[in-house]
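A short write-up of the structure that comes next.
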Amino acid sequence: MIKPQETIFESGNEMAALAASQINYHIMGYYPITPSTQIAEELDQMRADGLHDILLIAADGEHGAAGICYGASLGGGRVFNATSANGLMYALEQLPVQSGTRFPMVLNLVTRSISGPLDIKGDHSDLMFTLNTGWIILLAKDPQRVYDMNIMAVKIGEHPDVNLPVIVAYDGFFTSHQKRVVSYFKNKEDVQEFVGKLPPKRVVAIDPENPVTIGPYMNEPDLINNKYQLSKAMDKAYEIIPQVFEEFYKISGRKYELVEGYRMEDAQIAIFALNSTYDTVCEAVDILRQKGIKVGVATTNVLRPWPKKEIQELLKNVKLLAVLDRQESYGAKGGNMTIEIKATLQELEKGPKVISRIYGLGGKDFFLEDALTLFEDMNLVLEGKKEIPDFDYIGAYPGDENYVPKRYMKPIKAEWTKNIPLNTRDLTAMPKRIVPGHGACPGCGIFPNLNLLLKGIEGDVVLLFHTGCGMVVTTAYPQTAFRTTYVHNLFQNGAATLSGLVEMYNQRRKRGEIPDRDLTFILVTGDGGNDIGMGPTIGAALRNHKMIIFEYDNGGYMNTGYQLSYTTPYGASTSTSHVGKAQFGKSTFHKDTPQIMAATNIPYVATVAESDPIDFVKKARKAQKIMREEGLVYIKALSACPLNWGDEPSKERRVIQAAVDCCFHPLYEIDHGKTTITYDPEKKGKKIPVIEWLSMMGRTKHLTRPEYKHIVEEFQAEVDRRWERLKARHEHPLL
């Protein structure tokens, strides 16, 4: 019997969140990455409103999120996650662990181009890396299917004969953010009845009466058997998926098959395409059918297990087939779908000729005209009137062999940066390594902080930026805002990358391969980069490379829309720590990164603020001297983000000063283990309660309400505790 349903106008991400809330998973381990971030944001808002009981755990990175999810699945409950692109790549090694030990969960993969170069738009370069991980893969071409597949995924993966994790993959931005009219179940109880109120009983790691060993070491006789059993489970999934599709049809009225096609009954020419592109090609089919050209389009709703027989049946009468791949298996003259389709069709006695087309990389649109042109060219081939290559790109263009990159500004000369006095007037003589013209929001604190740091740095500089606002707004190809060498790597590996560059520079200099001159290597991190990147940062510190790590701490993942970071203040409202009747904002205190770095015993750690520019520049200059002589140093600035802090750009310096005066962000340095407070608001009679600072920002203004008095008291107590400990260190000769 079809269950009561309502319609809504929503995007794929919103429908994934709605499905998850109705299923009421136990745990979601997550880390924000565009374009999948919205799922966690929506679920957090629903949790704040008391609409589900899912525990959302903000991980330190996608690898950590995958670990959280795996560990949670060992407890026998229902587990959910969402990621994209390099987030998937970072988590990738965990995927075979989960399938190899046969613990189900659901992962929404919002497909996106894998870096580098960095691109945040949708293609399938991430999806194809999952083919060999042992996960079931369902494809959702529109928001309706995102909702439906998320519900069916639970039942498929948890089937006792399957017990495999499931990916629901859909196109980044095309499906994740574009809204459509979608039907959904009015009563979440109907969803829970379909998937089962509770997961089926299985081996768990939390039953002391039945202790188990999960994931032991295996030698080759046992490992091959483990993989054989996984293969048989995938075969079973091939049988179970149509059964679940049929059961879902009975309660929803929406019928799905393993594969589907449009006007394929007598098609002589066809295109095979995944996900959202299918609908575009359908339009082209209708137009050309009116002209009497027998064309059709085919797709699959299931990528793993591969529906070989159904694809063979769908395509057996086609004479010429173009496989569209939104990625390339480089060197194979085709993408993964081309390779798989060719392998599938070779078993036919007389199959179609297959050509390959790479399209839509980095989110490049595939227009109706593109489909029409491809069909028309293929028709001319069948008529013997044209030849076209078996492999080609759609939308690529030839480069200009005579192109010379434009130099937008003169590079900095080292001598311009030396012997500048440390006073406010003369510091203006220091040339800027970052020039005006970046795309940051008004009042953004990143660039005042960077420019202050660099005013204290003499000589030649190499900058490496983690992914984040600072990187995105300064290097939109083909332009750059830098007058010095700039490198980018992803959040999770910037410190390791720069340490490798530092040591290669030193080695080549020692060998006389390059001029012997001083370069200052600086890692710039922020926007949560020292959450996911904390491990490599600590590793670099323990190795003590001669480099500077500068963190502009804006207290969140701002480049993805302000999700909580471990440095976000206690009680602050973010898109993953909403305020509502069930929660008050971020539930943990801010991470004390300078103290973490001090624990690595690096020679110098300092905190700075734009409200005290001379102190800032002095510490930068001191840091450079110590770095050159001894090794890695770390500097942290509190960096304003008026867009997400919810305050006025013109008042940011006052906001930063208040953070310093309330001792949320105390100014001090740790020089060879000895702590010195460089600005003491108590001694200057300027210390203020933390609520005065919190009341200046929209993200924490709710804490001024009476019902949050206890939160403010806890916040104040923690800030006071840290300040007292800092003063004790200041007084002690060894601390």
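Find all pairs meeting these conditions: Cβ atoms under 9 angstrom apart; at least six residues apart or on different chains; first residue within the stretch 312-325 and open to solvent by 40 Å² or more (accessible area, probe 1.4 Å); second residue assigned to a helix (DSSP H, G or I).
LYS316/LEU345; LYS319/LEU382
Quickly run through the stretch 475-500 and pick out the residues that are farther than 24 Å from ARG621 by Cβ, polar (S, T, N, Q) and in a loop (DSSP other than H, G, I, E, B).
THR475, GLN479, THR480, listed by residue number.
Restricting the stretch 668-690 to residues that are buried (at least 17 other Cβ atoms within 10 Å of the Cβ) and hydrophobic (A, V, I, L, M, F, W, C), which is nearest to PHE715 (Cα to Cα)?
VAL690
Could you give every pair whose Cβ atoms fall below 7 Å, whose first residue belongs to the stretch 454-468 and is more than 18 Å from PRO411 (Cα to Cα) and open to solvent by less than 10 Å² (accessible area, probe 1.4 Å), and whose second residue is small (Gly, Ala, Ser) and in a loop (DSSP other than H, G, I, E, B), counting only separations of at least 6 or pairs across chains?
HIS466/GLY533
Within the stretch 507-519, does at least one residue satisfy the condition of being in contact with a Gly (Cβ under 8 Å, 6 or more places away or on another chain) and either in a helix (DSSP H, G or I) or assigned by the TED database to the domain that holds TYR90 (or both)?
no
Looking at (1) closer than 15 Å to THR497 by Cβ; (2) surrounded by fewer than 24 Cβ atoms within 10 Å (Cβ to Cβ), find the lone condition where ARG517 falls short.
Only one criterion is unmet by ARG517, namely (1).
Answer with yes or no whether ARG180 is on the phi > 0 side of the Ramachandran plot and open to solvent by 30 Å² or more (accessible area, probe 1.4 Å). Can you show your working first?
On the way: on the phi > 0 side of the Ramachandran plot: no; open to solvent by 30 Å² or more (accessible area, probe 1.4 Å): yes.
So ARG180 fails the test.
Would it be correct to say that SER99 is small (Gly, Ala, Ser) and open to solvent by less than 10 Å² (accessible area, probe 1.4 Å)?
Spelling it out, SER99 is indeed small (Gly, Ala, Ser) and open to solvent by less than 10 Å² (accessible area, probe 1.4 Å).
Among the listed residues GLU652, GLU610, identify the single one that is in contact with a Gly (Cβ under 8 Å, 6 or more places away or on another chain) and farther than 30 Å from GLN38 by Cα.
Within the list GLU652, GLU610, the selection yields GLU610.
Just to verify a result, which residue in the stretch 629-650, among those that are closer than 15 Å to HIS545 by Cβ and in contact (Cβ under 8 Å) with a residue 24 or more places away in the chain, is most open to solvent (accessible area, probe 1.4 Å)?
The qualifying residue most open to solvent (accessible area, probe 1.4 Å) is GLU630.
Got a sec? Which of LEU164, LEU198 is more than 16 Å from ALA16 (Cα to Cα), assigned by the TED database to the domain that holds ARG112 and at pLDDT below 95?
Going through LEU164, LEU198 in turn, the sole match is LEU198.
Here are some conditions: (1) among the basic types (Lys, Arg); (2) in contact with a Pro (Cβ under 9 Å, 6 or more places away or on another chain); (3) loosely packed, with under 11 Cβ neighbours inside 10 Å. LYS186 meets all but one. Which one does it not meet?
(3)
Determine which member of the set THR428, THR485 is among the β-branched types (Val, Ile, Thr), surrounded by fewer than 19 Cβ atoms within 10 Å (Cβ to Cβ) and either touching a residue at least 60 places away in the same chain (Cβ under 8 Å) or within 26 Å of PRO642 (Cβ to Cβ) (or both).
Checking each option against the conditions leaves just THR428.
Any idea how many residues of the stretch 194-221 are farther than 18 Å from LEU164 by Cα, surrounded by 13 or more Cβ atoms within 10 Å (Cβ to Cβ) and not aromatic (Phe, Trp, Tyr)?
Number satisfying all stated conditions: 1.
VAL204 passes all but one of (1) without any contact (Cβ under 8 Å) to a residue 24 or more places away in the chain; (2) assigned to a loop (DSSP other than H, G, I, E, B); (3) within 32 Å of the chain's Cα centre (by Cα); which number fails?
(1)
Restricting attention to the stretch 236-286, and to residues there that are open to solvent by 60 Å² or more (accessible area, probe 1.4 Å) and in contact with a strand residue (DSSP E or B) (Cβ under 6 Å, 6 or more places away or on another chain), which single residue is farthest from LEU139 (Cα to Cα)?
Among residues in the stretch 236-286 that are open to solvent by 60 Å² or more (accessible area, probe 1.4 Å) and in contact with a strand residue (DSSP E or B) (Cβ under 6 Å, 6 or more places away or on another chain), the one farthest from LEU139 (Cα to Cα) is ARG263.
Based on this model, can you work out whether PRO536 counts as without any contact (Cβ under 8 Å) to a residue 60 or more places away in the chain, open to solvent by 10 Å² or more (accessible area, probe 1.4 Å) and in a helix (DSSP H, G or I)?
yes
Farther than 30 Å from MET697 by Cβ and either within 25 Å of the chain's Cα centre (by Cα) or not assigned by the TED database to the domain that holds SER115 (or both), is that true of GLY468?
no
Starting from residues that are without any contact (Cβ under 8 Å) to a residue 40 or more places away in the chain and open to solvent by less than 50 Å² (accessible area, probe 1.4 Å), keep the ones in the stretch 693-735 and report whichever is nearest to VAL660 (Cα to Cα).
For the stretch 693-735, the residue satisfying everything is TRP693.
Would you point out the residue of the stretch 373-404, among those that are hydroxyl-bearing (Ser, Thr, Tyr) and part of a loop (DSSP other than H, G, I, E, B), that is most open to solvent (accessible area, probe 1.4 Å)?
If we take residues in the stretch 373-404 being hydroxyl-bearing (Ser, Thr, Tyr) and part of a loop (DSSP other than H, G, I, E, B), then TYR397 is most open to solvent (accessible area, probe 1.4 Å).
Which one is farthest from LEU74 (Cα to Cα), of the residues in the stretch 108-125 that are out of contact with any Lys or Arg (no Cβ under 6 Å at 6 or more places or on another chain) and open to solvent by less than 10 Å² (accessible area, probe 1.4 Å)?
Filtering first and then ranking leaves THR111.
The values are calculated or read from the model by the stated rules, or taken from the named source; none is laboratory data. This one's a predicted model, so the numbers in the text were calculated from it and none came from an experiment. Quick reminder, even Gly has a Cβ in these numbers, built from the backbone with ideal geometry, and neighbours come from all protein chains shown. For accessibility, only protein heavy atoms count, side chains too; no ligands or nucleic acids. Shrake-Rupley method; radii C 1.70, N 1.55, O 1.52, S 1.80 Å.
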